[in-house]
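A short reminder: the numbers here are calculations on the coordinates, not readings from a lab. Computed from a prediction, not measured in an experiment: that's the story for all the values here. Virtual Cβ from ideal backbone geometry, glycine too; neighbours counted across all protein chains shown.
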Amino acid sequence: MRLKRAFRWFGLGLALGLVTLQAPSVLAGADNELNGNGTVQASTTVTSAVTTTGSTFYNYHFRGIVLTVYTTTLTGTSSTLTVTVQTKDPLSGNWVALPGCATAAINSVTVTMLVCYPGINVSANSTVSTILPYQWRIVSTAGGTPTNVTWTVGGQFLQ
């Protein structure tokens with residue numbers, strides 16, 4: 001009986017606009033909602049030392065993520081690329097780096113993987129034992145004196 005009453009109130013809340021339903025957001029260009037594979041950051045090119053901020057993603061029910069950074073061009077003097085996962089602090093609204101969840105400075109054309117998942121063995125700048133928070137994004141920083149840096153970041157949610 002209580003369950004029936006709860007559903008009735010929920011339905012009334014929907015009808016009055018007090019309750020909203022939101023479909024789970026998956027990665028942009030995701031193959032499907034079940035495995036959550038897709039593009040985290042589309043192909044980006046910079047010609048100077050700069051930090052780029054990716055889109056905000058919402059994690060509704062996954063524990064972690066595998067990020068794959070495809071660096072396709074990296075020219076200049078001591079040019080590097082670093083990708084960091086950030087989470088939004090719900091109290092202050094500030095974005096903060098997820099501890100340990102960053103690649104090492106990438107200094108060549110390569111494929112780099114970063115795994116954030118609770119309970120895995122930790123390896124600096126490649127695997128981090130942490131849960132993927134509800135609200136997250138990536139920040140990419142091109143350092144040194146780059147003349148051309150191009151990269152893409154793909155992602156796969158993990159249960």
> Non-local amide H neighbours of LEU98 (under 5 Å, H modeled in plane, Pro and chain starts lacking H): which ones?
Replying inline: VAL85, GLN86, THR87
>> Using square roots of five times the C-alpha gyration tensor eigenvalues, list the equivalent-ellipsoid semi-axes of region 112-152 in whole Å, biggest first.
In response: 26, 14, 8
>> Using the basic label-point model (7 angstrom from Cα toward the beta carbon), what is the ASN148 to THR39 distance in nanometres?
In response: 2.0
> Can you give the convex hull volume of the alpha carbon atoms of region 24-158 per residue, in Å³?
Replying inline: 99
> Non-local amide H neighbours of GLY64 (under 5 Å, H modeled in plane, Pro and chain starts lacking H): which ones?
Replying inline: LEU132, LEU158
